[in-house]
1. Being closer than 30 Å to residue 17 by Cα and in contact (Cβ under 8 Å) with a residue 12 or more places away in the chain is the requirement here; does residue 317 meet it?
2. Starting from residues that are assigned to a loop (DSSP other than H, G, I, E, B) and among the small types (Gly, Ala, Ser), keep the ones in the stretch 239-280 and report whichever is modelled with the lowest pLDDT.
3. Taking only pairs six or more apart or across chains, which ones have beta-carbon atoms under 9 Å, a first residue in the stretch 152-176 that is touching a residue at least 60 places away in the same chain (Cβ under 8 Å) and farther than 14 Å from residue 226 by Cβ, and a second residue that is assigned to a helix (DSSP H, G or I) and acidic (Asp, Glu)?
4. Scan (1) hydrophobic (A, V, I, L, M, F, W, C); (2) modelled with pLDDT of 80 or more; (3) assigned to a helix (DSSP H, G or I) for the single condition residue 220 breaks and write down its number.
5. State all residues of the stretch 157-171 that are of a type outside the set (A, V, I, L, M) and surrounded by 18 or more Cβ atoms within 10 Å (Cβ to Cβ); if no residue qualifies, say none.
6. Just to check your reading of the model, which residue among 39, 11 is assigned to a loop (DSSP other than H, G, I, E, B), surrounded by 10 or more Cβ atoms within 10 Å (Cβ to Cβ) and either modelled with pLDDT under 70 or at negative phi (or both)?
7. Name the residues in the stretch 128-177 that are small (Gly, Ala, Ser) and either at pLDDT below 75 or outside any strand (DSSP E or B) (or both), would you?
Amino acid sequence: MDPTRFIEKYSEALKNVLSADRPKLISMHKTLYIKPGRSPSTKVLRDRLLKRIDDEKDKFIKKLRTQPQPQIPKISEEEYQLAGQFLEEAFRPAKATPKPLPRPPVDLPKPLPRPPYDLPKPLPRPTDKEVIPRETAINDNFVEVTISDGGHGNPITWIVEHIDMYEIINNQLQTWTGLKLAIKIDAIVENAVNNRYDEHIFRTKFITILRTNSLEDDIIEETLKLSEQIDEFTGKGSGWRLVGWSKITLILNNYKPIKGSSYLPLPKHFANKKAIINIKNNDDKCFAYSVLAHICPAAHDPQRVSKYVPYLRTLIDEKIKYPMPVCERAYRKFEERFQIRVNVFSYEGDEIYPVYISKTSLLFDSQTVDIFLIHKDTEDGTKKYHYA
């Protein structure tokens, strides 16, 4: 690792450990010190983590000191003389060049008249009055919210200053348990090369928003994506310039997240292999039990939920909601909160395929937990899911 990068990681680790609360210290402790029994005090947890960080620093410094130093190649006498001749030729004063003869005067042609072009209709200028979004319900699962009918300037700045997207999304989440959000801008652009106006649509991909999500992070992420699209379209010498917009729309789709639930038996093909621990829980925390079965293995009867109840509080947090949705965003949030990597797999017939493979960058080199997602068709035509 590059020394500069190591110093950054070392400083970040110290800062996280010194500012962490007890639940986060316990999760870091479980990652590094997997021991049954009662959890030590907050001071002991912090001291252990600080010692681990100092040990990593000492190992890195020792590794740097033991690395062989590059040897400077020796220069022969002949190479030395050739270098001297090259420098002598390079710094020899150049011969004076004659001044160029004056060019004869030339009559420049008159500029051609600019071709006529149609100007767009004048766009309404945004005012400081309260903006009232206009909602259009296509059906029970699809809603379009028009938040502007036109304006001049940068639409991203206008959205941030005039529209409370938090209120619009929260109101819709009172009806739906989750939704998929996209932002669409019908922009007016001008080409400075041929003096032509045109309309261009900027639109983000759908992102999943649940009631447990941080809305602030989601909205900032969407607006940044729009800014990147606009910068890419108007940059690189394209000649296009954003002058305004004719419409801004929020597109909301109803999203019903799939969640893990209570015990489901393994399919016979996988049960016969006896390679998967399927915990018989009666609540909706099957995901947490499956993680604990890996980091706190039971010596006997690993399928019993009572083996993991003493450790369950280490995976309970107000920002992590159970049952765990089958959702990449929820898995990443769990990994970052508890510093544990998870991979989720499921099956189709006898074939196993990955649902989620961890790519999360954690503070420490944590262990990875493989989780198996079981599913079963119910009588009402839906599916029931369970983590093992």
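1. Numbers: closer than 30 Å to residue 17 by Cα: yes; in contact (Cβ under 8 Å) with a residue 12 or more places away in the chain: yes.
Answer is yes for this residue.
2. Narrowing the stretch 239-280 to residues assigned to a loop (DSSP other than H, G, I, E, B): 239, 255-258, 261-267, 272-280.
Then drop every residue that is not among the small types (Gly, Ala, Ser), which leaves 239, 261-262, 275.
Values: 239: 79, 261: 58, 262: 69, 275: 86.
Checking each candidate, the answer is 261.
3. These pairs meet every condition: 169/218.
4. For residue 220, the exception is condition (2).
5. Applying the first criterion (of a type outside the set (A, V, I, L, M)) to the stretch 157-171 yields 157-158, 161-162, 164, 166-167, 170-171.
Within the stretch 157-171, just 158 meets the criteria.
6. Details: 11 fails: assigned to a loop (DSSP other than H, G, I, E, B).
That would be 39, the only listed residue that is assigned to a loop (DSSP other than H, G, I, E, B), surrounded by 10 or more Cβ atoms within 10 Å (Cβ to Cβ) and either modelled with pLDDT under 70 or at negative phi (or both).
7. Going through the stretch 128-177, the residues small (Gly, Ala, Ser) turn out to be 137, 148, 150-151, 153.
Selection gives 137, 150, 153.
The values are calculated or read from the model by the stated rules, or taken from the named source; none is laboratory data. None of the values given here were measured: they were computed from a predicted structure. Note: ideal-geometry Cβ built from the backbone for every residue, glycine included; neighbour counts use all protein chains shown.
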